[in-house]
Amino acid sequence: MKNYSKHFGFSLAEVLVTMGVLGALAVLTLPTLKTNYEAHVIEAKVKTNYNLIQQAIANSPNAGSTYKNPTPENWFKRYMKNNIKIAKDCGSTNKCWHDIKSLSGSVDYGTNRDNVYSFKLENGTSIIIVKEGSLGNRYGIYLGDDTGEIEDAQANADMEETEDQNKETSISLWFDINGDEPPNMVGYDVYILGWKNKEMLPAGYGLKSSTLKNSCKTKSNGRLCMQYIIENGWKVNREIFE
């Protein structure tokens, strides 16, 4: 009686077809995986630095007290100097900062001022504090006493540079989670906060969600993305990574 042994396997053609299918799937999914990875890294760094800044303010002996009309240097000494880990202090210069762009690719001149204070954190983040007038028109930061201005600001998603400098004097704080590394783009690796009397608020704080989202699209200025990320559960707009 003959004993036949049967051999089972895949033919070369079947193997090649399978490899072709897997290759096609990889081509389709790798860009999405790359986008999600980059976005997760950005989100984690933004959240970490936002919390570091807020914690430094909370640890200051002056926390909770009203502080109007600060200069960048005095605000730094009052809330940052002894409360956050600083690697380099560039004082009242922009030497710890760099040129930045909007999400549309145009130059953002928001930090190109004379009255500034810049420094770098030990985690590689660059920070610049800038003297400002009203925080409303540029950064959409409003509290209860500003409600009359909110409607106008929401109608202007590009946040025009014109503002009434005599309304108030305050400061904005810009941080770049990658330091000098590219892309140095507002709404991507650069984010903005603003000092309002006794607290540091994210840019876009007083505006509607639809306005925030419009500021965080590829062809926008990106200035309101700090509040957008917070409201979106610390998730960035994936569109800007595509």
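The values are calculated or read from the model by the stated rules, or taken from the named source; none is laboratory data. What you see is a predicted model, and the numbers here were worked out from it, not measured in a lab. Glycine also receives a Cβ, built like all others from the backbone with ideal geometry; neighbour counts cover every protein chain displayed. What goes into the accessible areas is simple: the full protein's heavy atoms, side chains included, and nothing from ligands, DNA or RNA. Shrake-Rupley method; radii C 1.70, N 1.55, O 1.52, S 1.80 Å.
Which members of segment 83-92 meet the condition of being closer than 18 Å to PRO70 by Cβ and open to solvent by less than 60 Å² (accessible area, probe 1.4 Å)?
Within segment 83-92, the first condition is being closer than 18 Å to PRO70 by Cβ, and the residues that meet it are 83-84, 89, 91-92.
Residues satisfying the conditions are ASN83, ILE84, GLY91.
I'm told THR66 meets every condition in (1) open to solvent by less than 50 Å² (accessible area, probe 1.4 Å); (2) of a type in the set (Ser, Thr, Tyr); (3) under 12 Å from LYS198 (Cβ atoms) except one. Can you identify the failing condition by its number?
(1)
Taking segment 205-228 as the region of interest, how many residues are in contact with a strand residue (DSSP E or B) (Cβ under 8 Å, 6 or more places away or on another chain) and in a helix (DSSP H, G or I)?
Going through segment 205-228 one residue at a time, the tally reaches 3.
Against the condition without any contact (Cβ under 8 Å) to a residue 12 or more places away in the chain and under 26 Å from LYS208 (Cβ atoms), how does ASN51 come out, does it pass?
Considered against the rule, which asks whether it is without any contact (Cβ under 8 Å) to a residue 12 or more places away in the chain and under 26 Å from LYS208 (Cβ atoms), ASN51 comes out as yes.
Check LEU201 against each of (1) at pLDDT below 95; (2) not in a helix (DSSP H, G or I) and name the one condition it does not meet.
(1)
Would it be correct to say that TRP234 is open to solvent by less than 10 Å² (accessible area, probe 1.4 Å) and in contact with a helix residue (DSSP H, G or I) (Cβ under 9 Å, 6 or more places away or on another chain)? So that I can check it myself, show each step before the final result.
Numbers: open to solvent by less than 10 Å² (accessible area, probe 1.4 Å): no; in contact with a helix residue (DSSP H, G or I) (Cβ under 9 Å, 6 or more places away or on another chain): yes.
Against the criterion (open to solvent by less than 10 Å² (accessible area, probe 1.4 Å) and in contact with a helix residue (DSSP H, G or I) (Cβ under 9 Å, 6 or more places away or on another chain)), TRP234 does not qualify.
Which of the residues belonging to segment 117-133 are open to solvent by 10 Å² or more (accessible area, probe 1.4 Å) and more than 17 Å from the chain's Cα centre (by Cα)?
TYR117, GLU122, LYS131
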